[in-house]
Each structure stands twice: as structure tokens, then as C-alpha cells.
Amino acid sequence: MPFYHSLGKIPPKRHTQFRKPDGELYSEQLFGTIGFDGMYSNSYHVHRPTQVKEIKKQYSVAPKIAKANNIQSYRFRGFQVSPENDYLESRKAVLTNSDCTIILAAPKKSQEDYFYKNTDADELIFIHRGTGTLRTHLGNIDFKYGDYLLVPRGIIYKMQFNDEDNRLFIVESRRPIYTPKRYRNWFGQLLEHSPFCERDLRKPETIETHDEKGDFLIKVKKQDEIIEMVYATHPFDVVGYDGYNYPYAFSIHDFEPITGRIHQPPPVHQTFETDAFVVCSFVPRKYDYHPLSIPAPYNHSNIDSDEVLYYVDGDFMSRNDIDAGHISLHPAGIPHGPHPGATERSIGKTDTDELAVMVDTFKPLQVTEEAMKIADESYYQSWLEDNNH
Ligand SMILES: [Fe+2]
């Protein structure tokens, strides 16, 4: 997060004595990224955060690849992913490459008996259905429909859901996820032409401080394996922290669309960036207002980008037979565009209520076995004039 945040109690000067009411020192932790060059926070713990008691099971959760080299367009019916009780087991990787993994999940239960930490990747968790609280060692954030939760790598967290009807679209990124650089000035502040600003980014405002000893299980993800580590003290024992590295939320409903007289290209929808992919938000907006405008997109070849669209809500004008929860994959190397009839159908329309999240990756995506279970194998033929389904 490119702005400073302070929560709870911290000493006036970093790396100096900061004592508990009983006179003992709090344990300071520098929590940084990219060596000592990236964003960081300094947190103050009741107990030393280093007390590993036992290392238990270790097992692979690497995505199982069905198609490593893919040029076929697919539609995946995301809501056909079965709900499962456990948060981690509910996460089904559908598309992956060496930079990122796209996951669908329908968890029914909150994490009760373990904490989770992803050391491989930042996690961008889009809430399609469900409400609850993201509880982390650097504070808590309530979430609801339409929220992106950005959890930087290394944050220890628990997802707490209010009920069992939850649908998540998650992007794991091995590269740090930032707001787009072109929307920030040289101080990091979001500029006037940015479609959102700092007021729209929700920081943790409450923090849990547990002074507890015992057995605390953290499932740590590293190099596509889960390592079950037991710590001797509660991971949420921070009394305060400050810095730039912490989780935050942004609602897609707070994205202010950029429109024009003629069709605007996908970068106007950009919400997040990495050096390996971008994330865009397609939100309800007025259509193009040139008298001869065509609101539907033109056919396009992003010859070196795979394009993933996750359909959230509304009417998807350029596609036939697409419902909420579907993913379309339009791979690099071939053009794609509106379905037959969609271009004509769009003329004269003044606005759209579509809501969708797009992930464009610069390296090709591999299709997993989980994705093939929910795949529409004939989608790639859906642009044929006489095979419109
Ligand atoms: Fe496209």
C-alpha cells in the first residue's frame, strides 16, 4: 500500500526501547518486502514472533496441469465449483503460470483451528458472494460483495465468514501487486485522473492483541507446498505497527469508470498492476457518445497476453450465453471479439450494468485439471456465424 498507516500503540522512535506495563520489552519485527528495498512495516509483539514449537506435515498444493500449452478459448462455469467446508481445501486453482495462479473458491466455514500465511505470493481476493471479516496480524477489515482484499505476502490471516454462501475469485501473484504507477505522482499519491483515490482504500482500523501461549497452527504456503507449523504464542499479538506494508480493501463499486466518445481500451479499467499481469474492473457506466459509436468492443489480438474475464453481475453485452461466475479465457496468439450479433445489438445502447474483473497475463496460462471439470469445450467455436450458442 503506497501510503503510511499507523495502528495501535508504537514508540515515538523506531528501534528503541518500548516496554509493556510490567516493564518487559515488546518484540519489534521489521516486516518487509523485496529485501530492504520494498514496502515495510514495523510491528510490536507481546511475544517474540519466532517461537516455532514444531514443524508437522508438509504436502504439495501445486496446481495439476491438464493443458500446459493452450491456444483454445474456453468458458469455465465458476459456480459449478462445489462448496467445501475448509477455506484452503475449497480453493481450486483453474489457471496458472510462473507469475500467478487464478483460483475459484466456495468456502462454507470460517478458519477455526488454524491460521494461514502465503509466503509465495500476494493474494488478491475478490468477494463475489459473502460477508465477513479478514482477520490478520496487522488488523482486521470487514468485507462484503464487490470487495477486493489485497493481502501482501507473509501476512498471517484468517477468513471469518458470516454464513456459508461464499464465492471468491482469487489471484495469487508472485510479483507484488500495486496500484497503477501512471496514476501515482512521485510521492506515491493517487493523481486526479485516477479512477479511485486513497479515500476509497480501506485500511485495517481494529487490531486483535492476544497475549496467549499454547499450540497455534499456522499453515504456511511456500513453493507450492503447505507446511504445518506450530507456534508457541498466538500469531495475533501485535499491540501496534506503522509503515506501508499491510492488507487493505477496495470495493469495485468505488471504481469511477472512464468513458469517451468512442470505445475506450481496456487500460481505462485498470485497477492493479504487477510486472507480470494487470487487473481491470469493468463497472456500470455510460456508453460511448459519438453519434456513430459502436459500444461493443472491436475484435482484438493482444498477441502476447492471455485474457481472463470473470463475470460478476449484470448483462454481458459482447457475449452470448455468459452468466455470473463464468470465466472466459481468450489466449494469446489468436484474435477474439464480440459474439455474432453483439456488435449490431450494441448500437444505440446508452449504458451498461456489467460488472466483471479482468486479469491479463503477459505469460501464457496453463489450464488445470480443476478447470477442465467446469470447462465448456465448444466455447472456442462460438464465434462461428451458424454455430451461435
Ligand atoms: Fe478481450
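The values are calculated or read from the model by the stated rules, or taken from the named source; none is laboratory data. Note that this is a predicted model, so its numbers are computed, not measured. Positions of Cβ are generated from backbone atoms using ideal geometry, with glycine treated the same way; all protein chains shown enter the neighbour counts. The accessibility values were calculated without ligands, DNA or RNA, using every heavy atom of the protein model including side chains. Shrake-Rupley method; radii C 1.70, N 1.55, O 1.52, S 1.80 Å.
Key figures for this structure:
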| quantity | calculated |
| --- | --- |
| Label-point gap, in nm, between Tyr40 and Asp386 - each point 7 angstrom along Cα→Cβ | 6.7 |
| Choice from Gly35, Gly314, Gly132 with maximal GNM fluctuation in the chain (Cα, 10 Å cutoff) | Gly35 |
| Exceeding the 25 Å Cα-Cα cut-off - candidates Lys92/Lys117; Lys57/Lys117; Lys9/Lys144; Lys57/Lys158 | Lys9/Lys144 |
| Rg followed by Dmax, in Å, when segment 1-58 is reduced to its Cα trace | 14.2, 42 |
| Percent carbon-and-sulfur accessible area, segment 1-118, ignoring ligands, DNA and RNA, probe 1.4 Å | 49 |
| Gyration tensor (Cα) of segment 9-137, equivalent ellipsoid semi-axes in angstrom | 38, 19, 15 |
| For peptides 6-18, 44-56, sequence by mean Cβ density within 10 Å, most packed first | 44-56, 6-18 |
| Net charge contributed by nearby residues that have their C-beta within less than 10 Å of Arg174 (K/R +1, D/E -1) | -2 |
| With every protein chain in place, segment 174-291: carbon and sulfur % of accessible area (1.4 Å) | 52 |
| Under-5 Å amide H pairs with Ile155, H placed in peptide plane, nonlocal only | Asn118 |
| Modelled label reach - Gln264, point 7 Å along Cα→Cβ, segment 283-302 residues with backbone N closer than 20 Å | 283-300 |
| Diffusion coefficient, µm² s⁻¹, Stokes-Einstein with Kirkwood Rh over alpha-carbon pairs of the chain at 10 °C and 1.306 mPa s | 71 |
| ³J(HN,Hα), Karplus 6.51/-1.76/1.60, whole Hz, each residue of segment 129-136, x for Gly, Pro | 9, x, 9, x, 9, 7, 9, 9 |
| Accessible solvent surface per residue of the chain, calculated while the other protein chains remain in place, 1.4 angstrom probe, Å² | 46 |
| Two-site FRET efficiency, Thr133 against Leu292, from Cβ-Cβ distance with R₀ of 56 Å, rounded to 0.05 | 0.65 |
| Centre separation in Å (Cα based) which lies between segment 124-194 and segment 80-105 | 16 |
| Modelled FRET efficiency - R0 30 Å, Asn302 with Asp353, Cβ distances, 0.05 increments | 0.70 |
| Environment charge at Asn85 (Cβ cut-off 11 Å; Lys +1, Arg +1, Asp -1, Glu -1) | -3 |
| Percent RCO, i.e. relative contact order, over segment 9-92, from Cα pairs under 8 Å lying at least 6 residues apart | 16 |
| Kirkwood-based shape ratio for segment 147-199, expressed as Rg/Rh from alpha carbons | 1.06 |
| Value of [θ]222 nm, deg cm²/dmol, for the chain, DSSP H segments ≥ 4, -39500 (n - 2.57) each, nearest 500 | -500 deg cm²/dmol |
